[in-house]
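Notes follow the structure.
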Amino acid sequence: MSKTRIAFIGAGNMAASLIGGLLAKGVQAAQIRACDPGAETRAKVTAEHGIEVFADNAQAIQDADVIVIAVKPQAMKAVCLDLRQHLKPHQLLVSVAAGITSASLLNWVGQQPLVRCMPNTPALLGKGVSGLFATDAVTAEQRQQADELLSAVGIVVWVETEAQIDAVTAVSGSGPAYFFLLIEAMTDAGVKLGLPREVAEQLAQHTSLGAAHMAVSSGIDAAELRRRVTSPAGTTEAAIKSFQADGFEAIVEKALSAAAHRSAEMAEQLGQ
Ligand SMILES: NC(=O)c1ccc[n+]([C@@H]2O[C@H](COP(=O)([O-])OP(=O)(O)OC[C@H]3O[C@@H](n4cnc5c(N)ncnc54)[C@H](OP(=O)(O)O)[C@@H]3O)[C@@H](O)[C@H]2O)c1
């Protein structure tokens, strides 16, 4: 990325996180430009990150090697149609918009190398995980550029087929909310068992954080980690047996299928 010039279309939450992450990784402010219709947003991003921010998309993308489209999915079509006349064939487009397929994007912008990404909310803290899909026109160098770009806000995984982006959406895109739900439910259960709410909440939050750290850093798969903390006839076993008797795995599978299905459905609607 030492010479890559990057332009952001839309300078909201996701763009600002990526910009902050790139600068922290040593990309120079002069390599980055952004564009946003909001005067306040432009002033904020310039003040926070020291990059040039424009009101006009065409100005922002001039000379860019990589153009990151970071507007809301509903604004994507208008933005792409507007960009079309200003794009140069070698410019890599990176879309972080949820639910907009490469077919729709290429229909709007014309033939262009394109990487479609599905980041998740913890990216705003640099702790995200993003699924990336590259279209055929993307070169190895551009793939590397997209990888380094999204790595600025977390972990990157590549998928081979675009349909897998719906599965990524179901697992990690929507995933943070599942953990929030579990934290909520564990907090409520802790309160019912007699703990003050703040105490139950802290216990639930930090248990999820600690368990995630163990799952990520131990090199041991989750099933084995679970077995190791589940002594026969112990307290954990009592809870796990209760979860499984109530069909925990099936509940999770059904919920993720619903998310993947909705992702495909939304792609169809937003692509119109
Ligand atoms: N935030 C997340 O955690 C997250 C996670 C996964 C994926 N994403 C994806 O990231 C994208 C951006 O999300 P976000 O949370 O960063 O949204 P956001 O904070 O609303 O930022 C989008 C920015 O784009 C601006 N914009 C609107 N129309 C524009 C145009 N024609 N040209 C240039 N800029 C324009 C908006 O300005 P106005 O507000 O004035 O319209 C806003 O400042 C979405 O597609 C979303 O699906 C976000």
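Hey, can you tell me all the residues within the range 34-65 that are more than 10 Å from the ligand (Cβ to nearest atom), buried (at least 17 other Cβ atoms within 10 Å of the Cβ) and assigned to a loop (DSSP other than H, G, I, E, B)? Those that are more than 10 Å from the ligand (Cβ to nearest atom), buried (at least 17 other Cβ atoms within 10 Å of the Cβ) and assigned to a loop (DSSP other than H, G, I, E, B): Ile51, Ala64, Asp65.
Would it be correct to say that Ile9 is more than 10 Å from the ligand (Cβ to nearest atom) and either modelled with pLDDT of 95 or more or surrounded by 21 or more Cβ atoms within 10 Å (Cβ to Cβ) (or both)? Considered against the rule, which asks whether it is more than 10 Å from the ligand (Cβ to nearest atom) and either modelled with pLDDT of 95 or more or surrounded by 21 or more Cβ atoms within 10 Å (Cβ to Cβ) (or both), Ile9 comes out as no.
Is it true that some residue in the range 145-154 is away from the ligand (no atom under 14 Å from the Cβ) and touching a Cys at 6+ places or on another chain (Cβ under 9 Å)? Looking through the range 145-154, at least one residue is away from the ligand (no atom under 14 Å from the Cβ) and touching a Cys at 6+ places or on another chain (Cβ under 9 Å). Regarding Gln112, is this residue outside the structural domain of Ala259 (by TED's automatic domain parsing), part of a loop (DSSP other than H, G, I, E, B), buried (at least 18 other Cβ atoms within 10 Å of the Cβ) and not aliphatic (A, V, I, L, M)? It is true that Gln112 is outside the structural domain of Ala259 (by TED's automatic domain parsing), part of a loop (DSSP other than H, G, I, E, B), buried (at least 18 other Cβ atoms within 10 Å of the Cβ) and not aliphatic (A, V, I, L, M). In the condition set (1) over 11 Å from the mean Cα position of the chain (by Cα); (2) closer than 20 Å to Ala15 by Cβ; (3) at pLDDT 95 or above; (4) within 15 Å of the ligand (Cβ to nearest atom), Phe179 is compliant with all but (2).
Kindly evaluate Ala78 against the criterion of being assigned by TED's automatic domain parsing to the domain that holds Gly10, out of contact with any helix residue (DSSP H, G or I) (no Cβ under 8 Å at 6 or more places or on another chain) and near the ligand (Cβ under 9 Å from one of its atoms). In short, yes.
Inside the range 71-102, residues that are in a loop (DSSP other than H, G, I, E, B), more than 17 Å from the chain's Cα centre (by Cα) and of a type outside the set (A, V, I, L, M) make up a count of 6. Residues that are surrounded by 23 or more Cβ atoms within 10 Å (Cβ to Cβ) and farther than 21 Å from Leu124 by Cα do not occur anywhere in the range 66-77. For the range 82-106, a residue qualifies if it is surrounded by fewer than 20 Cβ atoms within 10 Å (Cβ to Cβ), free of Cβ contacts under 8 Å to residues at least 40 places away in the same chain and more than 10 Å from the ligand (Cβ to nearest atom), and the qualifying residues are Arg84, Gln85, His86, Leu87, Lys88, Pro89, His90, Leu106.
Test Ser217 against the stated conditions and say whether it is closer than 30 Å to Met1 by Cβ, among the hydroxyl-bearing types (Ser, Thr, Tyr) and either surrounded by 13 or more Cβ atoms within 10 Å (Cβ to Cβ) or modelled with pLDDT under 95 (or both). When the stated conditions are applied, Ser217 does not pass them. With the structure loaded, tell me whether Val168 is touching a Lys or Arg at 6+ places or on another chain (Cβ under 9 Å), touching a residue at least 12 places away in the same chain (Cβ under 8 Å) and crowded, with 20+ Cβ neighbours inside 10 Å or whether it fails that test. Here the answer is no, as Val168 does not meet what is asked. Select, from Glu198, Glu237, Glu253, the only residue that is among the acidic types (Asp, Glu), under 24 Å from Val156 (Cα atoms) and assigned to a helix (DSSP H, G or I). Answer to the check: Glu253. Scanning the range 125-139 for any residue that is hydroxyl-bearing (Ser, Thr, Tyr), free of Cβ contacts under 8 Å to residues at least 60 places away in the same chain and assigned to a strand (DSSP E or B) turns up at least one such residue.
The conditions of being in contact with a strand residue (DSSP E or B) (Cβ under 9 Å, 6 or more places away or on another chain), within 16 Å of the ligand (Cβ to nearest atom) and not assigned by TED's automatic domain parsing to the domain that holds Phe243 are met by Val157. The residues listed here are Glu224, Glu268, Glu201; of these, the one that is under 30 Å from Ala103 (Cα atoms) and either assigned by TED's automatic domain parsing to the domain that holds Thr135 or acidic (Asp, Glu) (or both) is Glu268.
The values are calculated or read from the model by the stated rules, or taken from the named source; none is laboratory data. The model shown is predicted, which means the values in this text are computed figures rather than measured ones. Note: ideal-geometry Cβ built from the backbone for every residue, glycine included; neighbour counts use all protein chains shown.
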